[in-house]
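Below: one structure, written as structure tokens.
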Amino acid sequence: MKTINYILDGFGFKNLDDFLSSTFGFLNSQNVIKTDLVLGTLVSAVSFLFGFNHLFLIALVVLLGFEWYTGVKASLKRGEQHSSRKFGRMLLKIATYLTPIYILNTFASNSNFPVIMNYEIDPFIWLYWVYVIAIIWQLFVSLLENYKSLGYKFAEVLLKIINKKFYEQFNLEDDNKNPT
């Protein structure tokens, strides 16, 4: 700290606190710098670890939060008792979803596959995006199912459309169809 204060003295500042208060004005500069460091580290870590930016992660966590909240509301409507363990379940789901994303992103980022006709044959990139899309799809369908349980008509209509298109696309039998 003496070295920093000595250097700052050469620029006309008494010490680090004098420099920070002069530079950042009315803001509590120690808290601003600490907050910036934490947020900057988190934003950089999200991109490095998971392969998408912090806004994508925030949207994913918000989707998980809505799915959790509507699931709790739906269970209360069914007369089930709510417990604080359900919040822990949501946190475990987030960790469970992010772990394979981290692993697949690490594989995709740190492997070199051959390029054939300007197209890189990298199965890890494909697996990464299939997994991310599958999670978002599953959460969205679960959110719609929760809304349906809460009595929202739009959710039931959307679920029918989504399921019909999904079963048609993959040539699957719909178990929920009535036999004709």
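The values are calculated or read from the model by the stated rules, or taken from the named source; none is laboratory data. Not measured: the values here are computed from a predicted model. Note: ideal-geometry Cβ built from the backbone for every residue, glycine included; neighbour counts use all protein chains shown. In case anyone asks, the SASA skips ligands and DNA or RNA and just uses the protein heavy atoms, side chains included. Shrake-Rupley method; radii C 1.70, N 1.55, O 1.52, S 1.80 Å.
Things worth noting here:
- Scanning the stretch 79-88 for residues that are open to solvent by 90 Å² or more (accessible area, probe 1.4 Å) and under 19 Å from the mean Cα position of the chain (by Cα) yields a total of 1.
- The sole residue among LEU76, LEU91, LEU60 that is loosely packed, with under 13 Cβ neighbours inside 10 Å and within 15 Å of the chain's Cα centre (by Cα) is LEU91.
- For the stretch 1-22, residues that are modelled with pLDDT of 80 or more, surrounded by 11 or more Cβ atoms within 10 Å (Cβ to Cβ) and assigned to a helix (DSSP H, G or I) total 10.
- Just so you know, in the stretch 101-130 the residues that are in a helix (DSSP H, G or I) and among the aromatic types (Phe, Trp, Tyr) include one that is most open to solvent (accessible area, probe 1.4 Å), and it is TRP126.
- Candidates in the stretch 63-73 are the residues that are open to solvent by 60 Å² or more (accessible area, probe 1.4 Å) and touching a residue at least 40 places away in the same chain (Cβ under 8 Å); of these, the one that is nearest to the chain's Cα centre (by Cα) is PHE66.
- Matching residues, the stretch 23-54, being exposed (fewer than 13 other Cβ atoms within 10 Å of the Cβ), over 30 Å from PHE107 (Cβ atoms) and of a type outside the set (A, V, I, L, M, F, W, C): THR23, GLY25, ASN28, ASN31, LYS34, THR35, ASP36
- Only one of the numbered conditions (1) free of Cβ contacts under 8 Å to residues at least 60 places away in the same chain; (2) among the hydroxyl-bearing types (Ser, Thr, Tyr); (3) touching a Phe, Trp or Tyr at 6+ places or on another chain (Cβ under 9 Å) is not met by TYR128, and that is (1).
- Residue within the stretch 168-178 that is under 27 Å from the mean Cα position of the chain (by Cα), open to solvent by 50 Å² or more (accessible area, probe 1.4 Å) and at negative phi present: no
- Residues (of a type in the set (Asp, Glu) and farther than 24 Å from TYR97 by Cβ) located in the stretch 136-174: GLU156, GLU168, GLU173, ASP174
- Selection within the stretch 123-180 - at pLDDT below 85 and within 18 Å of PHE52 (Cα to Cα): none
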